1. Hey, could you check region 218-265 for residues that are under 20 Å from Ala441 (Cα atoms) and among the polar types (S, T, N, Q) and say which is nearest to the chain's Cα centre (by Cα)?
2. Of all residues being at pLDDT 90 or above and aromatic (Phe, Trp, Tyr) in region 66-92, which is least open to solvent (accessible area, probe 1.4 Å)? Just the residue, please.
3. Looking at region 517-539, I want the residues that are closer than 16 Å to Gln80 by Cα and outside any loop (DSSP other than H, G, I, E, B) and have a partner that is open to solvent by 40 Å² or more (accessible area, probe 1.4 Å) and among the aliphatic types (A, V, I, L, M) with Cβ atoms under 8 Å, at least 6 apart or on another chain. Which pairs are those?
4. Does Ala566 qualify as being within 30 Å of Ser699 (Cβ to Cβ) and part of a helix (DSSP H, G or I)?
5. Name the residues in region 579-610 that are of a type in the set (S, T, N, Q), surrounded by fewer than 16 Cβ atoms within 10 Å (Cβ to Cβ) and at pLDDT 85 or above, would you?
6. Failed condition for Leu169, given (1) assigned to a helix (DSSP H, G or I); (2) surrounded by fewer than 24 Cβ atoms within 10 Å (Cβ to Cβ), with all others met?
7. Please find, among Ile292, Ile282, Ile325, the residue that is free of Cβ contacts under 8 Å to residues at least 24 places away in the same chain, of a type in the set (A, V, I, L, M, F, W, C) and on the phi < 0 side of the Ramachandran plot.
Amino acid sequence: MDLTRIAFLLAPIAGVIAILASLLLMRKIGKMDPGSPKAQEVAQAIRVGAYAFLKRQYKTISIITAVIFVLIAVLFGVSQGFAAGMGTAVAFLIGAVASLAAGYIAMDNATKANVRSVAAAKISADKALKTAFYGGATMGFAVVGLSLLGVTILFLIYGGYGALFNQTLDATTAANLGRSAASGIVGMGFGASLIALFAQLGGGIFTKAADIGADIVGKVEAGIPEDDPRNPACIADNVGDNVGDSAGRGADLFESAVGENIGGMIIGGIISAVTGNLLFLIFPLIIRALGIFATLIGMPFVKLLPSEMKNPMKALRKGVTVTTIVCAIMFFIVSLLFFRVGWFYIFGSLMTGLVASVLIDYITDYYTGRDRTPVKKIAKASQTGSATNIITGIAVGLETTALPIVTLVVALIMSYVFGQQFAILNGIPAFEGGIYGTTLATMGMLAVMGIVLALDGFGPIADNAAGIAEMAGDRGSAETMEALDAVGNTTKALTKGFALGSALLAALLLFHTYIEEVALQTGIQITIDISNPVVLIAGFIGAMLPFLFSAQAIDAVGKAATKMVAEVRRQFKEIPGIFDGTAKPEYDKAVDISTKAALSGMIVPGIIVVIVPIIVGVLMGPVAVGALVIGCTLTAVPLALFMNTGGGAWDNAKKHIEAGNLGGKNSPAHQAAVVGDTVGDPLKDTAGPSLHVLIKLLSTLSIVFIPLFLNLLGLI
């Protein structure tokens with residue numbers, strides 16, 4: 001067995017290790033002290049509410065998944081034969097089920113770690129931080145492990161095993177078989193993306209409806225904290241953190257890993273077919289595997305020193321820093337080991353993605369950190385009212401688009417040039433080499449996904465823990481968890497920036513994958529010429545799609561929040577004993593409002609995203625679909641950056657004031673900041689994160705449905 005085939009085994013081994021690490025962390029958290037009976041009672045109410053919502057949401061999603069499974073099997077069975085149709089449909093189903101599993105695992109463990117973080121806070125802030133971080137790491141390892149193992153196993157089943165281990169095949173035949181296997185599993189990426197869209201969108205609608213109701217009536221009108229047990233929306237708010245920020249984000253990053261990994265393998269397969277070397281095809285899997293090992297090394301470095309209590313982000317950043325450094329060392333070794341001629345250019349391509357992830361981290365922290373200049377600017381503007389808070393917040397949000405896009409564009413240019421130089425030295429077509437360079441940059445960024453997801457999972461757990469401590473009357477733990485919660489807002493924004501950054505880097509490789517798949521199935525090399533009216537029309541439709549989608553998502557939050565505000569006001573009016581503690585609010589009614597709103601609100605935006613590109617493809621052909629994807633990507637990226645990072649800055653401006661600045665809680669500045677945060681909530685937690693998924697869903701959908709576009713036009 002040669003070195004390439006031995007290296008391939010790193011992928012399934014790393015996938016299994018990541019899943020085992022997730023299970024061990026689950027067990028570790030399960031054995032921790034769950035805290036006081038009152039805290040456990042609150043936590044159980046949150047857990048029951050989260051499970052109830054997820055059960056109803058997954059039932060709705062399963063129906064949609066079943067319908068699309070049948071459509072794919074029938075449509076593709078007619079055009080490509082029963083075996084090919086079922087192959088694509090089964091890959092789609094596996095991606096969908098695995099994405100649901102990733103979201104479920106994330107939510108399940110978050111609802112266990114939240115109350116244990118409260119108990120740990122009584123011991124030390126470091127203990128509380130580690131408990132929340134381990135809860136997030138459970139999601140991180142589960143997502144990276146499931147995605148890598150799933151892609152690897154499906155690749156082997158769909159022909160990859162024969163390509164790699166059938167010694168009777170010549171190099172060219174084996175490479176073509178491997179490329180075909182990678183193309184055959186693209187349905188898995190579509191399934192994962194579709195589920196992630198509904199999971200992220202539904203969870204986002206749920207959490208923001210509850211959050212806005214708790215803020216407007218509780219904080220602004222009644223003058224009580226959103227997590228005060230007298231607030232009827234407080235349980236729904238905390239349930240929302242789990243179904244939106246945990247389950248939704250788990251599915252979101254799972255689909256990122258799957259879709260971009262498969263796209264990278266298809267691009268690598270093109271070069272493998274030219275060179276007869278399967279290493280190019282499996283190298284993206286190897287890089288993902290190395291990222292898992294690096295994350296395992298970086299995790300123990302997450303420690304909160306007493307001097308860091310005012311800035312807990314330093315403790316979390318140590319883990320990211322070590323993981324990044326270890327990744328860089330591993331990249332250097334494998335580049336030198338596998339690519340003797342031009343190895344530096346392979347290493348350079350990987351490093352551009354890795355460095356871009358670090359820069360996105362620091363840029364996001366600059367714009368969303370509680371004591372950073374942009375956040376202070378919004379907080380200061382709150383002194384003159386809600387209008388100036390919103391105006392300044394919009395200005396900051398718009399500004400946040402510049403540095404990340406410049407960073408990612410530079411990374412694309414550099415990785416493309418590195419890839420070209422490597423190709424020239426090795427007799428590979430320069431253009432294909434350049435695209436492969438951008439592929440490796442994307443893999444370099446994805447390598448640190450495990451530790452980034454751990455930070456993201458930390459956010460909702462810390463948020464829940466602060467709420468549980470408040471509702472349980474544990475002021476000592478509440479103060480610690482509120483400080484960690486403020487950091488959690490930054491880590492959540494960081495992950496959104498990371499997901500969007502990987503989507504931008506992957507845009508070129510996924511679009512090129514689409515072009516190559518059209519050529520492979522038709523023999524026609526399509527070009528996107530803007531002077532072609534069809535291209536311009538489809539491009540405008542694509543550019544419009546993120547705005548229409550976001551409007552539907554935000555409107556769903558607005559409608560749900562209106563019902564939530566009315567319900568909280570009703571309870572305050574009709575149950576007067578709530579304020580003096582002689583009567584309990586009807587928490588279940590608030591949870592039910594969010595649940596119904598989320599399930600009804602996620603359907604229309606989700607269907608729009610699926611139907612529009614199919615209609616465009618059927619009526620105008622594959623060239624128009626390519627233009628639509630480009631148009632959508634160009635507007636979705638800056639729009640999502642504005643929503644995600646700007647919304648995070650609004651949120652932490654409120655927390656900056658709540659920390660005792662500019663008059664503190666219940667001051668006029670605080671009330672204005674609450675309004676600003678309320679405006680930013682559906683942007684950063686509903687529409688913005690869903691746009692990450694939208695970009696990749698359109699790419700994977702366009703690749704899967706190529707036969708439909710071509711058959712109806714008579715091109716096959």
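1. Out of the qualifying residues, it is Ser256.
2. Taking the candidates together, the pick is Phe92.
3. Within 8 Å, the pairs are Val518/Ile524; Gln521/Ile716; Thr522/Leu715; Thr522/Ile716.
4. no
5. Matches in region 579-610: Ser600 only.
6. That leaves (1) as the condition not met.
7. Ile325 is the lone residue from the list that is free of Cβ contacts under 8 Å to residues at least 24 places away in the same chain, of a type in the set (A, V, I, L, M, F, W, C) and on the phi < 0 side of the Ramachandran plot.
Residue-wise test of (1) under 21 Å from Gly103 (Cβ atoms); (2) at pLDDT 85 or above; (3) in a helix (DSSP H, G or I); (4) not acidic (Asp, Glu).
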site	(1), (2), (3), (4)
Gly450	yes, yes, yes, yes
Ala454	yes, yes, yes, yes
Ala478	no, no, yes, yes
Thr491	yes, no, yes, yes
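The values are calculated or read from the model by the stated rules, or taken from the named source; none is laboratory data. Just so it is clear, the model here is predicted, and its values are computed rather than measured. Note: ideal-geometry Cβ built from the backbone for every residue, glycine included; neighbour counts use all protein chains shown. We work out accessible area using only protein heavy atoms, side chains counted, and drop any ligands, DNA or RNA first. Shrake-Rupley method; radii C 1.70, N 1.55, O 1.52, S 1.80 Å.
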